[in-house]
1. Quick check: residue separation of Glu51 and Glu36 times 0.36 nm, minus the Cα distance between them. What number comes out in nm?
2. For the chain, what does -39500 (n - 2.57) per DSSP helix run (n ≥ 4), summed and divided by total residues, give at 222 nm, in deg cm²/dmol to the nearest 500?
3. Given 0.36 nm per residue, what is the gain on full extension from Tyr16 to Ala63 after removing their alpha carbon distance, in nm?
4. Could you list which residues have their amide H under 5 Å from that of Ser26, counting only those 5 or more apart in sequence or on another chain, with H placed in the peptide plane?
5. Rank these for me by crowding, Met1, Met41, going from fewest to most other beta carbons within 10 Å.
6. What is the packing order of peptides 11-20, 51-60, taking the mean over residues of other C-beta atoms within 10 Å and listing the highest first?
Amino acid sequence: MKLPTAAARETGGNHYDIVPGKPEESIFVHRIASLEPDVAMPELGRGMVHEESLKLIIQWIKAMD
């Protein structure tokens, strides 16, 4: 439940980088699921969302207490 150091539109309206058990409220998931410039993470070299990785990150966050 770490607050981001800089927050603008890349947060997707979320308040924390990772919210244990709630991937839909996590900035991390929002950013890796996006292709928008200045939102997508990583910022460079992205032309697609790697769906397998996204699912794995969502499962990992859901498993957190």
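Just so you know, all these numbers are worked out from the coordinates, no wet-lab data involved. Here the structure is a predicted model, which means the values were calculated and not measured. Every residue, glycine among them, receives a Cβ derived from its backbone with ideal geometry; neighbour counts consider all protein chains shown.
1. On the way: separation 15, 0.36 × 15 = 5.40 nm, distance 1.59 nm.
Once the chain is fully extended between Glu51 and Glu36, it gains 3.8 nm.
2. Numbers: 2 runs with 18 residues, N = 65.
One gets -8000 deg cm²/dmol as the mean residue ellipticity at 222 nm.
3. Details: separation 47, 0.36 × 47 = 16.92 nm, distance 1.69 nm.
Working it through step by step, the gained length comes to 15.2 nm.
4. When sequence neighbours closer than 5 places are left aside, the close amide H contacts are Val19.
5. Arranged by neighbour count, lowest to highest, Met1, Met41 become Met1, Met41.
6. Values: 11-20: 15.9, 51-60: 11.9.
Taking the mean over residues of other Cβ atoms within 10 Å, the ranking is 11-20, 51-60.
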